[in-house]
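So the structure is just underneath, and the comments pick up after that.
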Amino acid sequence: MNPKASVIIPVYNAEKTLRRCVESLVLGLERDVEVILCEDHSKDDSWDVCCALAAEYENVRCIRNEKNSGVSYTRNAGLAEARGAYILFVDSDDTVEPDYCEKMWKAHTETDADLVICGFHHWYVGRDVKKVPSNPGVYKTENYGADFLKLYQEGFLNMPWNKLFKKEFAGRFDTSLSLGEDLLFNMNYLEKCSKIAVISDALINYI
């Protein structure tokens, strides 16, 4: 049976942080959520760590690019490999709260939203700057307007890692760009959405 959701983690030179990242995820995961480690030919021992984690945890698996190709290509490789109907992204140097997947999934199932957006903890020079949306709620995209602009201005739209996506709506990251590719991916996705759920929980530790 295919998992209901796939968590995609692009990995490059992350041997020191990857285990911490993955273990923060698997501690709160249900069996029907998979973690895909997408390794981009690191210069360190990241691939060995990926293989060790995949051997240790049954819902973790790993793939490797044929050559170093960048984060957008690597995320796209994860999307192609994902078996879940829903997608989440986590960066290999970050961690998540124990109830991250649970709360994101609950927000989706309770609202039938096409996209779920959460807050995060921004760890900067050892200090926790908690960032949560000022306008939580459920919105139809046809009349989102000022709330959408506020969400953008507060810095919640640019990144892929504080969101739950439907795989069927997800496009691909533009590999020709090195700046703004995440926002472009999100904007293209939003064009296909009819309903968005914004929750006030800070569920990611952005380091």
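The values are calculated or read from the model by the stated rules, or taken from the named source; none is laboratory data. Keep in mind it's a predicted model, so treat the numbers as computed, not measured. Positions of Cβ are backbone-derived with ideal geometry, glycine not excepted, and every protein chain shown enters the neighbour counts. We work out accessible area using only protein heavy atoms, side chains counted, and drop any ligands, DNA or RNA first. Shrake-Rupley method; radii C 1.70, N 1.55, O 1.52, S 1.80 Å.
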Fill in: Using θ = phi - 60° and Karplus 6.51 cos²θ - 1.76 cosθ + 1.60, couplings along the stretch 50-66 (whole Hz; Gly, Pro as x)
4, 5, 5, 5, 5, 6, 7, 10, 5, 9, 10, 9, 9, 10, 9, 5, 5
Worksheet item: Tell me, what is the percent relative contact order of the chain, built from C-alpha pairs under 8 Å that lie six or more residues apart?
Response: 25 percent
Fill in: Between helix 71-81 and the chain: long-axis angle, C-alpha atoms, 0 to 90°, nearest 10
90 degrees
Worksheet, complete the sentence: Of the candidates T74, I63, I36, the farthest towards the positive dipole end of the stretch 31-86 (Lys/Arg Cβ +1, Asp/Glu Cβ -1, centred on the Cα centre) is T74
Worksheet item: So what is the accessible area of the chain per residue, in Å², with the probe set to 1.4 Å?
Response: 49 Å²
Practice prompt. Among L157, L179, L115, determine the one that fluctuates most according to a GNM of the chain built with springs between C-alpha atoms less than 10 Å apart.
Written response: L179
Item to complete: Sort by residue number and report every cysteine in the chain with no other cysteine beta carbon within a distance under 4.7 Å.
Response: C21, C38, C51, C101, C118, C193
Worksheet item: Any idea what angle helix 100-111 forms with the longest principal axis of the chain, computed on alpha-carbon atoms, 0 to 90 degrees, nearest 10?
Response: 40 degrees
Response to the item:
For the chain, whose charge dipole is built from +1 on Lys and Arg Cβ atoms and -1 on Asp and Glu Cβ atoms, the candidate among A202, A54, V90 with its Cα farthest towards the positive end is A202
Item to complete: Can you grab the distance from the C-alpha centre of the stretch 29-84 to the C-alpha centre of the stretch 100-114, Å, no decimals?
Response: 24 Å
Practice prompt. Please list the non-local residues whose amide H lies under 5 Å from the amide H of A5, H modeled 1.01 Å from N, same-chain partners needing a gap of 5 or more.
Written response: E34, A85, Y86
Worksheet item: Of the accessible area of the chain, with the probe set at 1.4 angstrom, what percent is carbon plus sulfur?
Response: 49 percent
